[in-house]
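The values are calculated or read from the model by the stated rules, or taken from the named source; none is laboratory data. Since we're looking at a predicted model, the values are computed, not measured. Cβ placement follows ideal geometry from the backbone for every residue including glycine, while neighbour counts extend to all protein chains displayed. Each accessible area value is taken on the protein alone, full model and side chains, heavy atoms only, with ligands, DNA and RNA left out. Shrake-Rupley method; radii C 1.70, N 1.55, O 1.52, S 1.80 Å.
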Amino acid sequence: MTVPAAIAKELDSLKDQIRHHNYRYHVLDDPEIPDAEYDRLMRQLQALEQQYPQLVTADSPTQRVGDAPISAFGTVQHQVPMLSLDNAFSSEELFEFHRRVTERLELEEGASSLRYTAEPKLDGAAVSLLYEGGKLVRGATRGDGSTGEDITHNIRTIEAIPLSLIGKGYPAVLEVRGEVFMPKAGFEAYNAKARADGQKTFVNPRNAAAGSLRQLDPRLTAERPLDIYVYSVGRVEGGILPDHHSEILDRLQDWGLKACPERKVVEGAEGCLAFYEDIGARRDALKYEIDGVVYKVDDLRQQRELGFVSRAPRWAIAHKFPAQEELTVVEGIEFQVGRTGAITPVARLEPVFVGGVTVSNATLHNIDELHRKDVRVGDTITIRRAGDVIPEVVGVIASRRPKGTRPVQLPKDCPVCGSAVVREDGEAVARCSGGLFCAAQRAEALKHFVSRKALDVEGFGAKLIEQLVANNRVKTAADLFTLTASELAELDRMGEKSAENVVQSIEASKGTTLARFLYALGIREVGEATALSLATHFGKLENIILASEEDLLSVADVGPVVALRIRSFFDEPHNSDVISRLIEAGVSWPETEPQSVAKVGPLVGKVFVLTGTLSGMTRDEAKQLIQSHGGKVTGSVSKKTDYVVFGDKAGSKLKKAQSLGVGTLNEEEFEALLAGC
Ligand code: 9MJ
């Protein structure tokens, strides 16, 4: 077949791009594009080479597994090649893999009982560890699969890697393979410190692991929080290992090597898929980053029968999770105005499937962040969506910036109401100065007022509020209580039935609590917790309205800034007017007696963290009790915490308390402490 010139050109361009990205990734430790994009380039090249085999050259990036070692380290020949894995990107590709395996093994169709070991796919750096006579004599990277780098000096600094094997019966020569990785917590802590010291941060935990292993000075590697899970063996001499992969891993563990505890023997493609879904659901809670699951035919005789294709085994496949980083193009940058006037730049994106959902917007947080990342309209950017967190712009691909783009500036006037945009000294956030004159701030204030933790008006959606604000029917929260079903039914997307429902929800929301009411008012700096403290402390709204800044300061959690914000809110006649109208409309709550906060007693000044489920009281009740006895409740455990009170199903907070040596109280002990107050 003759090769069209355009194809030859495309092939050359793909090879050049892949080489460029290999260099950025392996040599500079500074990848420019997300893995998903790299995989796509590689797949395009593979597809073209398959179609035109005469174009495959020995130096094509498809012809090797990893990348050649860099010269700073000695090289190591892997006598048993270090394999790479084929990928499956969907359940169909997994079923197809299972079909190929069963067909080659001449098993009956479907073969639902064929056993696989399923293991999380760690996202780190593959290494080989050589033990002779039970002593660690060499550590190496995978390199290109046949030649790796000698990183013994760095490997020896990783505490999870035994320098001597324990137990009995290990082969005289045992080469173990595994993945060195940086757990999420270590990665976050490392980056936080690097940021504080003005040093370079790691883009992701995998990059962190690979970069750390290739330090020339092992003292630097030793400072990095690295860990390992082993997942296979290479050279084995002078000893015999079990004949099932799962049993080999158990044996390695007996000898002091760490295998991933999440591994499991499963049956058939269905069993693989169930494991994939289970781990996928728990992925965010795992202490390390994974990018998929690996299935390996468990029986080594069957593995031998299946053999290899080029450098990947036919008996294993990596089933990848949807990529968490993708490329897309910025179609616009807009400024949104929030409830307190905060102006937030938001990137409008060409829709892209990332982290399992389609994303078309990403916040850029504030103007400094936007300038730091220098995101411009027309830019190609990397977008990341991990777990349930909001999508984030990782950075701009500088080489793909079109000509003629301009840096984005903070608008001088509010894009919604035209009032001046101001930025207080030292504040990252710029704000619209229009207050409730600004329709955006009004709409956001109303959305907050009806939200679940505030008055909890069911079925009162954002679109409805925006319409009511745009046609000036609703100016303040008090106007909500004058709405009728017949006028709501006239609005877009509202039928008679839904209008009725909304009016009913508004009616139902009138009976509330003082804490919810205070929170709903949207006083700056008064979140849910502060609203609850104020309600508990003062008992009645009028006590709060009449409280001086000094009185307010005696409430747990209220500092000078918050006290000032509360005072100025109630001093504003417009706000008092809205409050009176709300009460006239029938918004009410049970009043309680003011709770004086204890000035002496065992809880005064003590800092508590609550975790797990208590059987005798809710968390809010426990919190109120602690506060009324002069204690403080915070959300996270640190050295400053005095007690962690734990109930049923307590998780990481309890563990953290134990590791920091912070006092812990079970429910009974907590009650005993309260009884002594
Ligand atoms: C990772 N990365 O977690 C393998 N891997 O097996 C696991 N990698 C592997 N197995 C053979 N769990 C080649 C690579």
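Multiply the residue gap between Ala274 and Ser13 by 0.36 nm, knock off their C-alpha separation, and tell me the result in nm, one decimal place.
Numbers: separation 261, 0.36 × 261 = 93.96 nm, distance 4.06 nm.
Stretched fully, the Ala274-Ser13 segment lengthens by 89.9 nm.
Taking amide hydrogens as modeled 1.01 Å from N in the peptide plane, which residues meet the under 5 Å criterion relative to His319, leaving out close sequence neighbours?
Ala88, Val293, Val294, Tyr295
Which angle between 0 and 90 degrees, to the nearest 10, do you get for helix 619-628 versus the longest principal axis of the chain when only C-alpha atoms count?
In the chain, helix 619-628 runs at an angle near 60 degrees to the longest axis.
Residues of the range 173-211 with backbone nitrogen within less than 20 Å of a virtual label 7 Å along the Cα-to-Cβ line of Lys655, please, listed as ranges.
179-191, 205-206
For the chain, what does the helix formula give at 222 nm: sum of -39500 (n - 2.57) over DSSP H segments with n ≥ 4, over the residue count, nearest 500 deg cm²/dmol?
Details: 25 runs with 244 residues, N = 677.
-10500 deg cm²/dmol, from helical runs alone.
Once amide H atoms are placed 1.01 Å from N in the peptide plane, what residues at a sequence separation of 5 or more from Asp557, or on another chain, have their amide H within under 5 Å of its amide H?
none
Of all accessible surface on the range 421-553 at a 1.4 Å probe, what whole percent is carbon and sulfur? Display every interim value, and only then the final one.
Working: 3020 of 6300 Å².
C and S atoms contribute 48 percent here.
Which shape class applies to the range 421-465: rounded if a/c is under 1.5, otherwise prolate when a/b exceeds b/c and oblate if not, where a ≥ b ≥ c are the square roots of the Cα gyration tensor eigenvalues?
Values: a/c = 3.68, a/b = 2.16, b/c = 1.70.
The shape class here is prolate.
Which of the trypsin sites (Lys or Arg not before Pro) found in the range 211-241 are in a DSSP loop and have at most 10 neighbouring Cβ atoms, other than their own, within 10 Å? Don't skip to the answer; put the middle values down first.
Details: sites: Arg214, Arg219, Arg235; in loops: Arg214.
Loop-located and lightly packed - none at all.
Under 19 Å from the Cα of Lys200, which lysines turn up, not counting those fewer than eight places away in the same chain?
Of all the lysines, those that pass the test against Lys200 - Cα under 19 Å, at least 8 places apart if same chain - are Lys184, Lys373.
Given Lys168/Lys287; Lys135/Lys258; Lys453/Lys655; Lys9/Lys320, which pairs have Cα atoms separated by over 26 Å? Let's see the in-between values first.
Details: Lys168/Lys287 31 Å; Lys135/Lys258 16 Å; Lys453/Lys655 30 Å; Lys9/Lys320 31 Å.
From Lys168/Lys287; Lys135/Lys258; Lys453/Lys655; Lys9/Lys320, over 26 Å: Lys168/Lys287; Lys453/Lys655; Lys9/Lys320.
Mark the label point 7 Å from the Cα of Glu593 along Cα→Cβ and return the residues of the range 532-552 whose backbone N is within less than 20 Å of it.
533-544
In terms of the Cα gyration tensor, with a ≥ b ≥ c the square roots of its eigenvalues, is the chain rounded because a/c is under 1.5, prolate because a/b exceeds b/c, or oblate? If you can, show how the numbers build up before the last one.
Values: a/c = 2.20, a/b = 1.63, b/c = 1.35.
Prolate is the answer for the chain, as a/c is 1.5 or above and a/b outweighs b/c.
Hey, what do the phi angles of the range 478-483 turn into as Karplus ³J(HN,Hα) couplings, whole Hz, using 6.51/-1.76/1.60 and θ = phi - 60°, x for Gly and Pro?
5, 5, 4, 7, 9, 6
Could you order the peptides 115-122, 557-564 from most to least packed, using the average number of other C-beta atoms within 10 Å per residue? Walk me through the numbers before you get to the answer.
Numbers: 115-122: 23.9, 557-564: 15.9.
With the highest mean Cβ count within 10 Å placed first, the list reads 115-122, 557-564.
By its C-alpha gyration tensor, with a ≥ b ≥ c as the square roots of the eigenvalues, how is the range 196-333 shaped: rounded for a/c under 1.5, else prolate for a/b larger than b/c, else oblate? Please list the in-between numbers first.
Working: a/c = 2.08, a/b = 1.34, b/c = 1.55.
Because a/c hits 1.5 or more and a/b fails to exceed b/c, the range 196-333 counts as oblate.
First measure r as the distance between the Cβ atoms of Lys135 and Ala160, then evaluate 1/(1 + (r/R0)^6) with R0 = 25 Å and state the FRET efficiency to the nearest 0.05. Show your work: numbers first, answer last.
Working: r = 17 Å, r/R0 = 0.67.
It comes out at approximately 0.90.
How large is ³J(HN,Hα), in whole Hz, for each residue of the range 143-148 in order, when computed from phi with the Karplus curve 6.51 cos²θ - 1.76 cosθ + 1.60 and θ = phi - 60°, using x for Gly and Pro?
Coupling constants for the range 143-148: x, 8, x, 9, 10, x Hz.
Where does helix 573-584 land angle-wise versus the long Cα axis of the chain, in degrees 0 to 90, nearest 10?
Here the helix axis deviates by roughly 90 degrees.
Whole-Hz Karplus ³J(HN,Hα) for the range 461-474, in order, using 6.51 cos²θ - 1.76 cosθ + 1.60 and θ = phi - 60°, x for Gly and Pro?
3J(HN,Hα) across the range 461-474, in whole Hz: x, 4, 5, 5, 4, 4, 5, 5, 6, 4, 8, 6, 6, 10.
Give me the number: length gained by fully extending Thr363 to Val329, i.e. 0.36 nm times residue separation minus the C-alpha to C-alpha distance, one decimal in nm.
Contour length minus Cα-Cα distance gives 10.8 nm.
Quick one: which residues, 5 or more positions from Glu289 or on another chain, have an amide H under 5 Å from its amide H? H modelled 1.01 Å from N in the peptide plane, none for Pro or chain starts.
For Glu289, the qualifying residues are Asp123, Lys184.
Considering only protein heavy atoms and a 1.4 Å probe, what is the carbon-and-sulfur percentage of the accessible area of the range 166-225? Don't jump to the answer; show the numbers that get you there.
Working: 1660 of 2910 Å².
Percent of accessible area from carbon and sulfur atoms in the range 166-225: 57.
Give, in nm to one decimal, the length gained when the segment between Phe353 and Glu109 is fully stretched (0.36 nm per residue of separation minus the Cα-Cα distance). Can you show the working numbers first?
Numbers: separation 244, 0.36 × 244 = 87.84 nm, distance 3.46 nm.
Contour length minus Cα-Cα distance gives 84.4 nm.
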